[in-house]
Amino acid sequence: MPESKPRQKTPYVPPPKKKDPVKLGPSRWVAPTMVALFVLGLIWIVVFYIAGSDVTSVPLMGAIAALPHGNLWNVLVGFGLIGGGFIVATRWR
């Protein structure tokens with residue numbers, strides 16, 4: 001009876017060593033930018049409400065107030081800055 005050929009095993013090769021992982025942590029600009037956006041948004045809204053009907057005396061707010069629905073736009077700018085702070089906060093670890 002014919003004999004089958006013996007199986008040849010491939011020699012064991014250990015997997016290559018992994019390189020050190022790259023640090024993907026936050027940059028140094030994340031926390032100061034986040035805090036700055038929060039504070040600027042808060043200051044924008046507070047100044048807008050304190051100025052009241054005399055908002056035209058504040059340079060940039062007066063220009064925005066001259067637009068149609070200017071009061072709404074001023075509030076949206078303040079909340080947009082705060083929202084930008086939350087977006088930047090997602091990069092903070």
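The table below gives the values:
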| quantity | calculated |
| --- | --- |
| Subset of region 17-53 [surrounded by 10 or more Cβ atoms within 10 Å (Cβ to Cβ), of a type outside the set (Val, Ile, Thr) and under 17 Å from Trp73 (Cβ atoms)] | Leu40, Gly41, Trp44, Phe48, Tyr49, Ala51 |
| Boolean, Gly52 is at positive phi and at pLDDT below 90 | yes |
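The values are calculated or read from the model by the stated rules, or taken from the named source; none is laboratory data. Bear in mind that the values here come from a model prediction, so they are computed numbers and not experimental data. A quick note on method: Cβ atoms are made from the backbone with ideal geometry, for glycine too, and the neighbour counts reach across all protein chains shown.
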